[in-house]
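Note sheet for the following structure.
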């Protein structure tokens with residue numbers, strides 16, 4: 001990857017989608033000069049972007065920068081401070097069935113005996129699917145089986161959750177999120193606490209879901225390397241600013257140095273992996289204007 005010219009740390013206006021097409025009215029997520037805050041404390045501002053159907057976008061940035069805040073805005077559980085946000089053409093609303101969501105994973109007690117298939121079934125609304133109604137049970141079971149197969153978890157889905165590895169559990173959380181057939185998938189650090197092999201496997205599963213179902217994906221991550229082979233664009237949130245573009249344009253020494261007003265180097269090894277040097281202090285001490293939510297936002 002060749003060095004790029006310095007990119008000013010301002011949001012990219014009306015960016016193209018991952019395949020180079022101009023954004024249009026069919027975008028699953030549209031933001032125009034969007035800003036987020038907690039009370040009177042600003043988190044970030046000036047976010048302008050479109051996320052197209054089937055597009056896979058990684059959301060990167062230091063702890064406390066406001067990555068999880070973006071997901072909360074899209075989910076309708078937090079209101080924008082200013083600007084415009086549309087989800088499938090409408091203002092965000094809580095409980096939108098067109099959105100699948102996987103929160104940050106919490107430890108599962110080894111004594112939990114709930115079977116994986118029953119866990120996936122919880123992703124279907126009883127009101128919508130008639131859970132417990134005899135005439136709908138076959139349809140319910142079929143959708144659960146399809147979701148389990150889509151994430152490659154057939155071999156262990158009927159085992160208790162408490163006996164599963166982190167990678168196995170993460171696949172079933174994905175299955176639960178997609179069992180209702182959403183158009184948009186939001187994933188909050190699904191690769192955390194997984195080994196490199198499982199990180200790459202989960203990334204490939206997510207990419208396959210996005211492509212096969214035409215489902216847009218926003219995935220929060222701290223390490224872009226497991227995602228580089230499969231993602232379309234990256235969104236970088238830092239110092240109250242949001243930029244989005246191809247990794248070759250966003251994750252560069254020039255761009256990150258301008259964004260952080262510091263000497264940042266992006267290095268590449270023989271396998272194409274990226275290493276960002278110079279942000280150790282940033283990671284340890286988020287900026288004072290940024291509020292660190294309980295989930296690490």
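What follows is calculated from the coordinates using simple rules that are stated; it is not laboratory data. Only a predicted model underlies this, so the values are computations on that prediction, with no experimental measurement involved. Note that each Cβ is placed from the backbone with ideal geometry, even for glycine, and that neighbours are counted across all protein chains shown.
Some values worked out for this structure:
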quantity: Residues 189, 265, 154 arranged by fewest to most Cβ contacts within 10 Å; calculated: 154, 265, 189
quantity: Amide N of region 173-195 lying under 17 Å from the label point, which is placed 7 angstrom from the Cα of residue 156 along Cα→Cβ; calculated: 173-176, 191-195
quantity: Neighbour-count ranking [beta-carbon atoms within 10 angstrom, fewest first] of 41, 48; calculated: 41, 48
quantity: Fewest-first ranking of 50, 261, 195, 232, using other Cβ atoms within 10 Å as the exposure measure; calculated: 261, 195, 232, 50
quantity: Equivalent ellipsoid dimensions for region 78-210 as semi-axes, Å, which come from the Cα gyration tensor, largest first; calculated: 25, 21, 13
